[in-house]
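Reading through the structure tokens given below for one structure.
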Amino acid sequence: MRLLVRDYAGPVIAVSRMRGMFRIPVLMICVACLAITAMAGGASADPMQEEGDSIFDSPATFDLGGEYAYNTLLGVFYRGLEPFVYSFDAEEWLWVTGGPESSPTGFYFWRYLHEHWGWSIDYLYPDYFSFAHSIVGPYLGVLLPDPTFSPSPTPTPIASPTPTPGPDPTPTPTPIASLTPTPDPIVSPTPSPTPAGFSLIPAGSFTMGSPDFEQGRTSDEGPQHQVTLTNAFYIQQTPVTWAQWKEVREWALENGYTDLWLGGFGSHGDDRNSIHDPVTRVSWYDVVKWLNAKSEMDGLEPVYYAAGVVYRTGQRSPNWDGDANGYRLPTEAEWEYAARAGTDTAFYSGWITYIGEAPLDPDLDRIGWYAGNSDRQTRPVAQKEPNAWELYDMSGNVWEWCWDWSRRNYTTASVTDPIGPATGSYRIARGGAWNSHARDCRSANRLLSYAPGNRFHSLGFRPVRNAD
């Protein structure tokens with residue numbers, strides 16, 4: 001087993017900064033876990049782990065067994081530590097979660113929890129939700145894979161995992177009848193027939209962002225402003241499932257997409273999930289390459305190009321051909337417009353009542369899977385009520401990648417067909433996930449701190465196509 005001492009020392013250093021009666025016993029437990037792990041190099045490999053996806057790709061190197069054992073023991077240790085977290089003050093919490101005052105080891109400590117256990121800062125410490133978003137959030141990308149990192153050669157495709165029998169994935173809920181979309185209409189050319197599994201979203205105008213009085217609101221959701229989308233578009237009615245991802249990936253590997261990532265089925269990739277759960281653990285780069293592959297597979301024009309050629313391999317920020325008729329990611333404005341479906345409330349089903357995990361928010365419970373009702377896992381798509389445009393899972397289940405680079409606040413001016421900043425470090429994700437609090441699943445909520453190379457068990461996407 002090869003490792004760097006500083007990576008083992010990270011959790012110990014972080015815990016040693018605790019104050020109070022729990023400091024010594026907690027530190028002893030941590031040291032014991034690390035010592036046991038050092039002798040556990042033969043542990044079985046993480047079924048969701050592939051070569052080149054290690055959270056220790058840089059700077060440390062582990063063998064797979066040792067890394068898995070370490071993550072497992074540390075996760076068990078930290079679950080036991082959770083009651084003591086409430087004795088931390090803000091400065092200590094910033095240290096443990098890898099804020100600007102911490103050493104690099106603090107970043108690794110947080111990464112274990114965030115990537116391998118699907119935890120978020122607000123899950124561990126809800127009272128610091130605003131603190132986490134305003135201070136820790138901007139630094140979160142520092143601890144994640146470098147966007148320029150090139151993945152290892154594509155592993156041999158594996159057979160589709162056998163899912164545990166579960167709910168019929170066929171959409172059965174009916175739309176929320178009272179929510180008739182009322183965006184300002186814009187006359188546009190007659191679109192081609194709607195593709196199967198997609199909804200046609202008409203051109204129109206809407207108010208983007210959240211009002212100051214909305215419960216759970218954060219400052220990056222404002223100021224509210226008028227947005228006009230001059231072109232109709234198609235959007236898939238559900239997030240992409242692992243079955244969909246696998247089908248396109250197998251075609252792609254034989255047609256020039258030599259490093260397209262395997263992806264994960266659902267939150268855990270085991271018998272808690274099925275192939276009809278959303279695909280997860282796909283980076284922004286993985287997604288745009290998959291979208292190009294699906295376009296080519298379906299005989300459409302690819303949307304994304306790098307250095308003048310169709311973007312098929314590597315990790316680069318491609319150009320977007322706005323006239324191509326293939327599949328692409330929605331812009332942040334398109335995503336919120338589609339999610340709202342003519343509504344101006346926190347969810348398309350109504351206003352938010354409870355912002356956390358419990359009590360259960362009644363309007364969110366009708367439409368989405370989140371920490372309050374998901375049993376801490378993804379669920380097969382299309383099991384909750386859709387919005388008036390027949391879109392499912394726009395609140396909860398998985399976060400969804402958007403095209404835009406992150407920006408902290410909106411402009412007050414009205415805008416037309418916005419596509420976000422020209423450059424940046426992080427890409428936008430929307431919608432909340434199975435492990436999110438209710439506030440994160442609101443239509444206006446924004447996740448600003450995911451680098452395009454990140455892969456998480458709570459992060460997926462849904463495709464869009466131009467309609468004209």
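For this structure, a couple of remarks:
- When the range 254-284 is filtered for residues that are over 19 Å from the mean Cα position of the chain (by Cα) and under 17 Å from Asp298 (Cβ atoms), the ones remaining, listed by number, are Glu254, Asn255, Gly256, Tyr257.
- First in the range 375-399 and over 23 Å from Asp344 (Cα atoms) and of a type outside the set (A, V, I, L, M, F, W, C), second anywhere and crowded, with 24+ Cβ neighbours inside 10 Å and modelled with pLDDT under 95, Cβ under 9 Å, 6 or more apart: Thr378/Phe265
- Scanning the range 239-264 for residues that are closer than 30 Å to Asn387 by Cα and open to solvent by less than 20 Å² (accessible area, probe 1.4 Å) yields Pro239, Val240, Thr241, Trp242, Trp245, Val248, Arg249, Gly263, Gly264.
- Per-region count, the range 221-237, residues assigned to a loop (DSSP other than H, G, I, E, B) and open to solvent by less than 20 Å² (accessible area, probe 1.4 Å): 2
- When Arg442, Arg366 are checked against the criterion of being of a type in the set (Lys, Arg) and open to solvent by less than 30 Å² (accessible area, probe 1.4 Å), Arg442 stands alone in meeting it.
- So Asp298, is it modelled with pLDDT under 95, charged (D, E, K, R), more than 16 Å from the chain's Cα centre (by Cα) and open to solvent by 20 Å² or more (accessible area, probe 1.4 Å): no
- Residue that is modelled with the highest pLDDT, among those in the range 391-409 that are open to solvent by 10 Å² or more (accessible area, probe 1.4 Å) and in contact with a helix residue (DSSP H, G or I) (Cβ under 8 Å, 6 or more places away or on another chain): Trp403
- Residue in the range 268-276 that is touching a Gly at 6+ places or on another chain (Cβ under 8 Å), assigned to a helix (DSSP H, G or I) and open to solvent by 10 Å² or more (accessible area, probe 1.4 Å) present: no
- Taking the listed residues Ala382, Ala333, Ala388, Ala346, the one that is aliphatic (A, V, I, L, M), at pLDDT 95 or above and either more than 22 Å from the chain's Cα centre (by Cα) or open to solvent by 10 Å² or more (accessible area, probe 1.4 Å) (or both) is Ala388, with no other qualifying.
- Among the numbered conditions (1) within 19 Å of Phe233 (Cα to Cα); (2) modelled with pLDDT of 95 or more, the only one that Asp468 does not meet is (2).
- If you go through the range 313-348 and pick out every residue that is charged (D, E, K, R) and either more than 14 Å from Met208 (Cβ to Cβ) or part of a loop (DSSP other than H, G, I, E, B) (or both), you end up with 5.
- Residue under evaluation Trp405, criteria (1) free of Cβ contacts under 8 Å to residues at least 24 places away in the same chain; (2) at positive phi; (3) touching a Pro at 6+ places or on another chain (Cβ under 7 Å), criterion not met: (2)
- Considering the range 252-297, and only residues there that are of a type in the set (S, T, N, Q) and in contact with a Pro (Cβ under 8 Å, 6 or more places away or on another chain), the residue that is nearest to Trp405 (Cα to Cα) turns out to be Ser283.
- Of the residues Pro418, Pro380, Pro386, Pro362, the single one that is out of contact with any Pro (no Cβ under 9 Å at 6 or more places or on another chain) and more than 19 Å from Gly209 (Cβ to Cβ) is Pro362.
- From the list Glu296, Glu357, the lone residue that is farther than 28 Å from Thr207 by Cβ and in a loop (DSSP other than H, G, I, E, B) is Glu357.
- Any hit, the range 399-408, residues being within 15 Å of the chain's Cα centre (by Cα) and closer than 25 Å to Tyr354 by Cα: yes
- Pairs, first more than 24 Å from Asp323 (Cα to Cα) in the range 411-428, second of a type in the set (Ser, Thr, Tyr) and open to solvent by less than 40 Å² (accessible area, probe 1.4 Å), C-beta under 6 Å, six or more apart: Tyr426/Ser406; Tyr426/Ser449; Tyr426/Tyr450
The values are calculated or read from the model by the stated rules, or taken from the named source; none is laboratory data. The model shown is predicted, which means the values in this text are computed figures rather than measured ones. FYI the Cβ positions are ideal-geometry reconstructions off the backbone, even for glycines, and counts take in every protein chain you see. Side chains included, ligands, DNA and RNA excluded: accessible areas come from the protein's heavy atoms. Shrake-Rupley method; radii C 1.70, N 1.55, O 1.52, S 1.80 Å.
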